[in-house]
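J.: Take this structure, written in structure tokens, and hold onto it; I'll ask about it next.
The values are calculated or read from the model by the stated rules, or taken from the named source; none is laboratory data. Being a predicted model, the structure only gives us computed values, none of them experimental. FYI the Cβ positions are ideal-geometry reconstructions off the backbone, even for glycines, and counts take in every protein chain you see. Accessible surface areas use protein heavy atoms only, side chains included; no ligands, DNA or RNA. Shrake-Rupley method; radii C 1.70, N 1.55, O 1.52, S 1.80 Å.
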Number of protein chains: 2
Amino acid sequence: MTPSGDRPQVGPEGGAVRAGRVTITDVARAAGVSVATVSKVVNGRYGVAQTTASRVLEVVDQLGYESSLVARSLRRRRTNVIGVLVAEFEPFSTELLKAISKAVEGTGYELLAYSGGGDTSDRVGWERRSLSRLGGTLIDGAVIVTPTVQVPTDDGVPVVAIDPHTGPTGPATVDSDSLAGARMATEHLISLGHTRIGHLGGRRDLESARLRELGYRQAMSDAGLTVDPSLVLTGGYRPDLSDRPTHELLDRPDRPTAVFAANDLSALHVVEVAEELGLRVPEDLSVVGYDDIPEAAAARPPLTTVAQPLREMGAEALRMVISLIESDAPRTGQGHHTRLPTRLVERASTAPPPAS
Amino acid sequence: MTPSGDRPQVGPEGGAVRAGRVTITDVARAAGVSVATVSKVVNGRYGVAQTTASRVLEVVDQLGYESSLVARSLRRRRTNVIGVLVAEFEPFSTELLKAISKAVEGTGYELLAYSGGGDTSDRVGWERRSLSRLGGTLIDGAVIVTPTVQVPTDDGVPVVAIDPHTGPTGPATVDSDSLAGARMATEHLISLGHTRIGHLGGRRDLESARLRELGYRQAMSDAGLTVDPSLVLTGGYRPDLSDRPTHELLDRPDRPTAVFAANDLSALHVVEVAEELGLRVPEDLSVVGYDDIPEAAAARPPLTTVAQPLREMGAEALRMVISLIESDAPRTGQGHHTRLPTRLVERASTAPPPAS
DNA sequence: ATGAAAGCGCTAACAC
DNA sequence: GTGTTAGCGCTTTCAT
């Protein structure tokens, strides 16, 4: 058969004209060798003649062949891809993603971010699904952001959880010191003279949310202040879930003079609602958030908040998965835990309470 | 064989205890049926007895089985996953990602973001590689953010490019009106009284960068101002690449009184360098950026910039890929192009030039 | 109603 | 050096 026999047509720019992806079979046929040989050449294995190799490489180039990650990962053990699993791409997870992306440079790994929690139906347990769908094949390891349940450590790939479901137990985790952060936030409000302080809590299933509420309670109690139970509500870390509790907090004559929200997104929503109600921030109401996402500094007024070291947390989580991937030590149920410090960032959403 | 024979061990909480992922074979074995039957049940196909189905489902639940995206996508046509391909996760691409993530809710698709440009070696052409690696199998369609080359439209999955390599030609694209935006930015500086205005350009391979420079030149020329060629440099949309040209702009006695940078990231770097040099922004130097990422509003001073409608752009791009995926019309080389309007956001990084 | 078998694109043993 | 073969986990005819 003539070499040009049934080789896929090649356009003027060297791109394949035939529809669909170029597969290893196309390359093999065009180069007149077996797929196995193409595979060897592409993967730089030994045992291929110089001349064959260069001919194959030429065809690869001509056809624009690139091996399918999917097919390859099904067969191979390693893919050099690390998964970042999130419920949804919102400011917190994307800040982490930026940090991980920066840290991944030069490591030889690529990043694949997957949002599996889209459907409201599986707001809980999405990480298990995502992990099962991708793990063991597509990705060598995973960083899971704010999982709703404890991630299984024994089955599948190495996993590190950021802002985990549960505290220092189970899989490897990275988080920041929510207790201290929440105390700082609350103490800041107290030092400004507030005594009637509300708390808009986070996701009840997350350790971080529980610790932030605890920090708030401790600071109040340490200052000799009693907590009005009707002022402690749950906003689920989300603006939409925060709407009703925020109104509950502000639609009343004896409303608090300050609110500590468990994250920036819900704090920002408190500011919004306050303004709809004709309350000025910070003159009539002080608001403190948590996280220090860029949106917090960008808001009007700029939000006072507790900064989590998101860059470091992302970098650390990446370091940890990579080390888990590369050490072949059997994974025990008990992972390593890193907790990083937080700090208060005073901006313009807090001030002394109205004279009244 | 007894049903309990070689079924994988199940732990107290129903989680699989054996290492590795639970595969369809495990389920089949545990349920005492064939893999084909399990597949049918899992995919809700007809032709399975009620009792068999419920038994299988029970085992699925018990073992926590979830089908592998990889294996499934290799065999099937559709995966209901849309890829967002970026060179790197930085503020611009992640804003788009947030927008697309918001828009994807309720569509039945899931999002997979892949950063393939990690290695500096392939700063150019990463999108071709990523597309080849994922396309045709893992993802049903792709949104590519700022591709470095023209994306092939004929081979593989439907593609929409945001801020494309080339203007309205080739694949479907979404971008914003860079020409008008750049004119607004420059006119704003001129109206403040600036005459010596520098331009820190973007990535030369992108249409948007060329249009922003053109808009700058048009506004200058319309105002009867001449452009000093030594004041028009390229920053490549990146802080690191902007460092040298920024110093070239500012380390001189006859430095400009204002700089229009082609995106916020490089504008922010100009502000940084200016401050290192002891220049106050905006008193000694005015700076305008482009994009309006959250970091722009969060900066000190808050950055005057040209806002791109990133939310709309992301939503529109998603709408377009989905419609391409769902219409089985053969893809022509010529896609649809949407160009959205920009607007000037005046903040505190611009002011009249120093009296001198 | 169920299962056996082929095959998606690829890699890894093993044969020639 | 190179090709043949098996098989990764899954879906899909096609027999039974």
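J.: Let me have the 222 nm mean residue ellipticity of chain B computed from DSSP H runs of 4+ only, each contributing -39500 (n - 2.57), with the sum over all residues rounded to the nearest 500.
T.: -12000 deg cm²/dmol
J.: Taking the radius of gyration and the Kirkwood hydrodynamic radius from Cα positions alone, what is the Rg/Rh ratio for region A:178-308, to two decimal places?
T.: 0.92
J.: So, one more: Quantify how strongly other chains surround peptide B:130-136 by giving the mean number of their Cβ atoms within 10 Å of each of its Cβ atoms.
T.: 6
J.: Another question about this same structure. Which peptide among A:300-308, A:102-110, B:237-245 comes first, and what is the full order, when sorted by highest mean count of other Cβ atoms within 10 Å?
T.: A:300-308, B:237-245, A:102-110
J.: Right, next: Please compute the net charge surrounding B:S68, taking Lys and Arg as +1 and Asp and Glu as -1 over other residues with Cβ under 9 Å from its Cβ.
T.: My count for the surroundings of B:S68 gives +2.
J.: To continue, here is another question. Within the set of other residues whose C-beta is less than 12 Å from the C-beta of A:A274, count the net charge using Lys and Arg as +1 and Asp and Glu as -1.
T.: So the environment of A:A274 carries a net charge of -4.
J.: Have a look at region B:288-320 and report residues whose accessible surface goes down by 10 Å² or more when the remaining protein chains are included, against the chain on its own, probe 1.4 Å, ligands and DNA/RNA excluded.
T.: Residues meeting the cut-off: B:P294, B:E295, B:A297, B:A298.
J.: Label-to-label distances across copies for B:L57, with labels 7 Å out along Cα→Cβ, in nm, shortest first?
T.: Label point to label point, same position, other copies: 5.6 nm.
J.: Quick one: compute the contact order of region A:178-308, relative version, from alpha carbon pairs under 8 angstrom and 6+ residues apart, as a percent.
T.: Dividing the mean separation by the residue count of region A:178-308 yields 24 percent.
J.: Ok, one more. Antiparallel DSSP bridges in the protein assembly as shown: what percent, to the nearest 5?
T.: If we restrict to bridges inside the protein assembly as shown, about 15 percent are antiparallel.
J.: Kindly give the semi-axes, whole Å and largest first, of the ellipsoid equivalent to chain B, taking each as the square root of 5 times a Cα gyration tensor eigenvalue.
T.: Semi-axes, largest first: 53, 21, 16 Å.
J.: What does the convex hull of the Cα atoms of the protein assembly as shown come to per residue, in Å³, rounded to a whole number?
T.: Measuring per residue, one finds 201 Å³ for the Cα hull of the protein assembly as shown.
J.: While we're looking at this one, here's another question. Starting from the residue with the highest accessible area, list B:R129, A:R212, A:R217 in decreasing order, probe 1.4 Å.
T.: Ranked from most to least accessible, the order is A:R217, B:R129, A:R212.
J.: Report, for A:E272, each distance to the same residue's label point in the other copies, shortest first and in nm; define the point 7 Å along Cα→Cβ.
T.: Result, one decimal in nm: 3.1.
J.: Still on this structure, please answer the following. What does the buried accessible surface come to for A and B, summed over both chains, with the probe at 1.4 Å? Round to 100 Å².
T.: In total, this chain pair buries about 4400 Å².
J.: Only Cα pairs within less than 10 Å get springs; with that Gaussian network setup on chain B, which residue of B:D284, B:D140, B:D264 has the largest fluctuation?
T.: B:D284
J.: While we're on this one: Rank these by accessible area, largest first, 1.4 Å probe: B:M184, A:M320.
T.: B:M184, A:M320
J.: In Å, what is the Rg of the alpha-carbon atoms in region B:200-264, and how long is Dmax?
T.: Here Rg and the maximum Cα pair distance are 11.7, 33 Å.
J.: So which GluC sites (Glu not before Pro) in region B:268-311 end up in coil per DSSP with only 14 or fewer other C-beta atoms within 10 Å?
T.: B:E283
J.: Length gain on complete extension for the stretch B:R204 to B:R244, per 0.36 nm per residue less the alpha carbon to alpha carbon distance?
T.: 12.8 nm
J.: Hey, any idea what % of chain A's accessible area is carbon plus sulfur with a 1.4 Å probe?
T.: Percent of accessible area from carbon and sulfur atoms in chain A: 52.
J.: Under the Kirkwood approximation for Rh and a Cα-based Rg, what ratio Rg/Rh is obtained for region A:53-106?
T.: That ratio equals 1.17.
J.: Kindly tabulate the residues in region B:56-78 with an accessible-area decrease of at least 30 Å² between the chain alone and the assembly of all protein chains, using a probe of 1.4 Å.
T.: By number: B:G64, B:E66, B:L69, B:V70, B:L74.
J.: Averaged over its residues, how many other protein chain Cβ atoms are within 10 Å of peptide A:336-349's Cβ atoms?
T.: Average neighbour count from other chains, rounded to a whole number: 0.
J.: Under 8 Å for C-alpha pairs, at least 6 residues apart: give me the relative contact order for chain A, rounded to a whole percent.
T.: Once divided by the residue count of chain A, the mean separation gives 16 percent.
J.: Here is a follow-up. What nm value, rounded to one decimal, do you get for the distance between A:E272 and A:V149 when each label is placed 7 Å out toward the C-beta?
T.: Once both label points are built, they end up 3.1 nm from each other.
J.: Calculate the translational D of region A:107-248 in whole µm² s⁻¹ from Stokes-Einstein, where the hydrodynamic radius comes from the Kirkwood formula applied to all Cα pairs, the temperature is 20 °C and the viscosity 1.002 mPa s.
T.: Answer, rounded: 126 µm²/s.
J.: Along Cα-to-Cβ, 7 Å out, sits the label point; list in nm, shortest first, how far the one on A:D222 is from those in the other copies.
T.: Relative to the other copies, A:D222 has label-point distances of 5.9 nm.
J.: Now, a different point. Just to confirm a number: summing +1 for Lys and Arg and -1 for Asp and Glu over residues other than B:P341 whose beta-carbon lies under 10 angstrom from that of B:P341, what do you get?
T.: 0
J.: So, one more: When only the heavy atoms of the protein chains count and the probe is 1.4 Å, how do B:I322, A:I82 rank by accessible area, highest first?
T.: Of B:I322, A:I82, the descending order of accessible area is B:I322, A:I82.
J.: For a label point 7 angstrom out from the Cα of A:V227 toward its Cβ, which stretches of region A:183-210 have the backbone nitrogen within less than 16 Å?
T.: The answer is A:183-190, A:195-210, whose backbone nitrogens lie closer than 16 Å to the label point.
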